[in-house]
Ligand SMILES: Cc1cc2nc3c(=O)[nH]c(=O)nc-3n(C[C@H](O)[C@H](O)[C@H](O)COP(=O)(O)O)c2cc1C
């Protein structure tokens, strides 16, 4: 059994993946971890869409690049692109998404996988081209996207970045 604090401290954001597929049983474990993250008022209204189709992942990459006027935007050749969507009127949608992503980061680290939080969809989920892609992967129009993730086996492990935040005890 790995130590939780070690998993928390060895977790890295990974932006370089091997081509190896991620087995379905490991993806199921990750989904279990994601769904065990809390939701505001226990709403449990997140939808997790796991895209393993390389052609569809490429389409997202190109349409995000175009929607945000970016050059060379990359989803890092990820074998898995996970989109978390929530109801448009969800009061805690962003926070609910964020806590699921943190659970996914930690579970992925436990299973020797790596992840990267992908933030860009939240800026363009309602553009026509991105909405068409969301429809293609069965995400309904009344859901929005605050976060997504690339998931795969890391090609290399980046160094940990020094932590500089402060904490204070008040007696
Ligand atoms: C809210 C949030 C949004 C992020 N969005 C992106 C992103 O769109 N693309 C990316 O490459 N990394 C993204 N990251 C990853 C951060 O850059 C990364 O966590 C940070 O550099 C610290 O590195 P570490 O995760 O390895 O500790 C995001 C992280 C957070 C918490």
Taking the conditions exactly as written (under 29 Å from residue 164 (Cβ atoms) and modelled with pLDDT under 95), does residue 97 satisfy them or not? no
Considering (1) closer than 17 Å to residue 97 by Cβ; (2) touching a strand residue (DSSP E or B) at 6+ places or on another chain (Cβ under 9 Å), say which one residue 11 fails and leave the rest. (1)
Yes or no: residue 6 within 15 Å of the ligand (Cβ to nearest atom), assigned to a helix (DSSP H, G or I) and surrounded by 14 or more Cβ atoms within 10 Å (Cβ to Cβ)? no
Just a yes or no: is a residue in the range 135-153 in a helix (DSSP H, G or I) and either at pLDDT below 95 or out of contact with any strand residue (DSSP E or B) (no Cβ under 7 Å at 6 or more places or on another chain) (or both)? yes
Tell me which helices (runs of 4 or more DSSP H) are completely within the range 14-129 and hold 3 or more residues being buried (at least 18 other Cβ atoms within 10 Å of the Cβ), within 16 Å of the ligand (Cβ to nearest atom) and in contact (Cβ under 8 Å) with a residue 60 or more places away in the chain, or say none if there are none. 54-67, 93-110
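The values are calculated or read from the model by the stated rules, or taken from the named source; none is laboratory data. All of these numbers come straight from a predicted model, not from anything done at the bench. No Cβ is skipped: glycine too gets one built from the backbone with ideal geometry, and neighbour counts run over all protein chains shown.
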